[in-house]
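Structure first, then comments.
The values are calculated or read from the model by the stated rules, or taken from the named source; none is laboratory data. Fair warning: this is a prediction, and the values are worked out from it, not measured in the lab. Reconstructed Cβ throughout: ideal geometry from the backbone, glycine too, with neighbour counts over all protein chains shown. The accessibility values were calculated without ligands, DNA or RNA, using every heavy atom of the protein model including side chains. Shrake-Rupley method; radii C 1.70, N 1.55, O 1.52, S 1.80 Å.
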Amino acid sequence: MNAGVALAAVAVVSLATAVIGFYGLRISRTTGDFYVASRTVRPWWNASAIGGEYLSAASFLGVAGLILLSGTDALWFPVGYTAGYLMLLLFVAAPLRRSGAYTIPDFTESRLSSRMVRRVTSLVVVMVGWLYIVPQLHGAALTIRIATGLPSWVGSVAVVVVVCLTVAAGGMRSITFVQAFQYWLKLTALAVPILFIIFVLAGNGAAPQSPPAVNPTHLAPAGLYQNVSLLVALLFGTLGLPHVLVRFYTNPDGHSARRTTLIVLGLLSVFYLFPTAYGLVARMYAPDLARSGQPDAMVLRLPGELVGGTPGDLLSALVVAGAFAAFLSTTSGLVVSLAGVISQDILGGSVRGFRLAAVVSAVVPLGFALMTGSLALAGSVGLVFAFTASTVCPVLLLGIWWRGLTDVGAIAGMLTGGVLCGGAMIAGSVSGSGLTPAWLAQPAAWSVPAAFAVMVIVSRATAHRIPATMPRIMTRLHTPERPLATER
């Protein structure tokens with residue numbers, strides 16, 4: 001891989017992100033612009049932006065690496081990521097939009113009439129966001145080191161600097177334009193090289209090789225329990241991702257929110273064809289890449305391995321550009337959602353408070369990323385989904401669909417899920433990947449039901465705390481909105 005060409009690709013993506021972000025600054029004037037783009041984002045724009053922020057380092061690099069190592073076992077990741085959006089469409093998208101809240105803590109406070117629920121939800125949302133940002137920064141560090149030879153920390157710092165500039169400058173409205181552009185860049189950056197590689201292999205008459213002889217039990221699911229637990233994490237975790245949920249507040253109405261989710265399902269389905277193709281092609285024609293000890297770098301190295309020369313360098317640079325766009329877009333979405341929470345709960349909810357909160361939201365996980373080593377990207381993000389499924393998801397689903405939820409029950413359930421899942425994650429990391437039992441490596445199968453059960457049991461025991469505003473709010477959540485006459 002030509003380091004100069006790869007570095008130029010990173011620079012172009014960063015510059016384009018900054019330019020588009022500063023363009024959004026020209027039309028970001030109000031607090032509503034910064035938090036939810038004044039609720040004026042149309043479905044196709046919003047769907048592209050959601051695809052941009054949702055398709056993270058795990059999707060761009062991690063899925064293909066896991067398929068290289070373990071074949072079809074790793075297909076549960078793209079299946080789970082995409083199917084989670086179907087659940088989002090069925091159970092959350094439109095009611096959440098009708099709630100009128102800016103953030104998830106706004107929703108829980110309004111639904112349960114409790115400041116304490118808001119504080120606990122805010123804490124959980126911030127933890128989820130920071131846990132999710134760290135793998136993006138690890139992916140940026142890996143990409144910079146592999147592609148340019150520069151120190152790993154350069155990649156992480158570069159992502160944080162660009163994200164802070166674009167988010168603080170224009171808020172949600174700017175990031176919408178940026179992430180929509182980055183989705184299509186990521187799709188192009190994967191599609192063009194793999195199609196070129198397939199044509200080259202077909203023209204050369206290359207013969208498939210033996211698949212890599214590795215045992216990736218610590219990287220990919222293997223067995224019934226792991227598969228079930230992973231699916232629980234991905235399906236329910238998607239429902240609680242704060243950077244995805246905040247997007248549905250930017251639609252004009254609930255009908256637009258549902259249309260947005262349908263379009264996202266299509267965009268995700270198309271995108272995941274290409275990481276799958278990378279993994280399968282590498283498994284058949286470049287199995288030696290599995291023995292490098294860095295399967296996440298396979299997508300970056302495959303064009304140079306199978307094409308080579310100047311065409312290989314140019315294709316590799318395109319992949320690097322797409323990978324960096326993945327880190328920037330997901331981190332941007334997370335920082336926007338966290339800045340909204342921190343600003344409203346601590347800094348008064350002003351535009352100035354939002355900008356300060358954006359910097360804090362990005363710098364804190366940067367510190368953790370610089371102090372920790374990179375794990376398998378898809379696996380680490382899967383654990384974040386498990387934590388989200390065990391905390392945010394139960395309070396959202398029960399808050400939307402069950403009249404009996406109380407503030408005490410919501411707090412007890414979130415704390416139970418957080419402690420159980422978080423404890424399993426810590427215990428698994430301490431024991432070492434080769435020694436971690438399946439129930440610790442994939443805790444969602446038991447931590448998610450435990451969180452739901454505690455939430456329901458405690459709510460029933462404290463039924464006298466059901467807020468008097470509950471009937472009015474539930475009616476609002478489930479009364480269909482009339483689509484705007486100007487919608488296309």
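Below, the figures for the structure above:
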| read-out | value |
| --- | --- |
| Matching residues in the range 447-467 - criterion: being surrounded by fewer than 17 Cβ atoms within 10 Å (Cβ to Cβ) and in contact (Cβ under 8 Å) with a residue 60 or more places away in the chain | P467 |
| Enumeration of residues in the range 4-15 that are within 13 Å of A325 (Cα to Cα), touching a residue at least 60 places away in the same chain (Cβ under 8 Å) and either surrounded by fewer than 17 Cβ atoms within 10 Å (Cβ to Cβ) or touching a strand residue (DSSP E or B) at 6+ places or on another chain (Cβ under 7 Å) (or both) | V12 |
| Any hit, the range 41-49, residues being more than 23 Å from V126 (Cα to Cα), part of a helix (DSSP H, G or I) and of a type in the set (D, E, K, R) | no |
| Where A424 falls short, out of the listed (1) at pLDDT 95 or above; (2) of a type in the set (A, V, I, L, M, F, W, C); (3) open to solvent by less than 30 Å² (accessible area, probe 1.4 Å) | (1) |
| Where a residue in the range 195-213 is at negative phi and open to solvent by 70 Å² or more (accessible area, probe 1.4 Å) and its partner, wherever it lies, is modelled with pLDDT under 65 and acidic (D, E), with Cβ under 8 Å and at least six apart | none |
| Set T72, T40: member being surrounded by fewer than 24 Cβ atoms within 10 Å (Cβ to Cβ), at pLDDT below 85 and farther than 20 Å from T260 by Cβ | T72 |
| Some residue of the range 172-190 being among the basic types (K, R), within 17 Å of the chain's Cα centre (by Cα) and surrounded by 23 or more Cβ atoms within 10 Å (Cβ to Cβ) | yes |
| Residues of the range 346-366 classified as open to solvent by 30 Å² or more (accessible area, probe 1.4 Å) and of a type outside the set (S, T, N, Q), total | 11 |
| Contacts under 9 angstrom Cβ, first residue in the range 382-396 being under 15 Å from I411 (Cα atoms), partner of a type in the set (D, E, K, R) and open to solvent by less than 10 Å² (accessible area, probe 1.4 Å), 6 or more apart | V395/R111 |
| Flag if D313 is open to solvent by less than 50 Å² (accessible area, probe 1.4 Å), part of a helix (DSSP H, G or I) and charged (D, E, K, R) | yes |
| Residue among R118, R111, R145 that alone is among the charged types (D, E, K, R), open to solvent by less than 10 Å² (accessible area, probe 1.4 Å) and at pLDDT 90 or above | R111 |
| Qualifying residue in the range 214-228 (condition: open to solvent by 40 Å² or more (accessible area, probe 1.4 Å), in a helix (DSSP H, G or I), at pLDDT below 85 and out of contact with any Cys (no Cβ under 8 Å at 6 or more places or on another chain)) | yes |
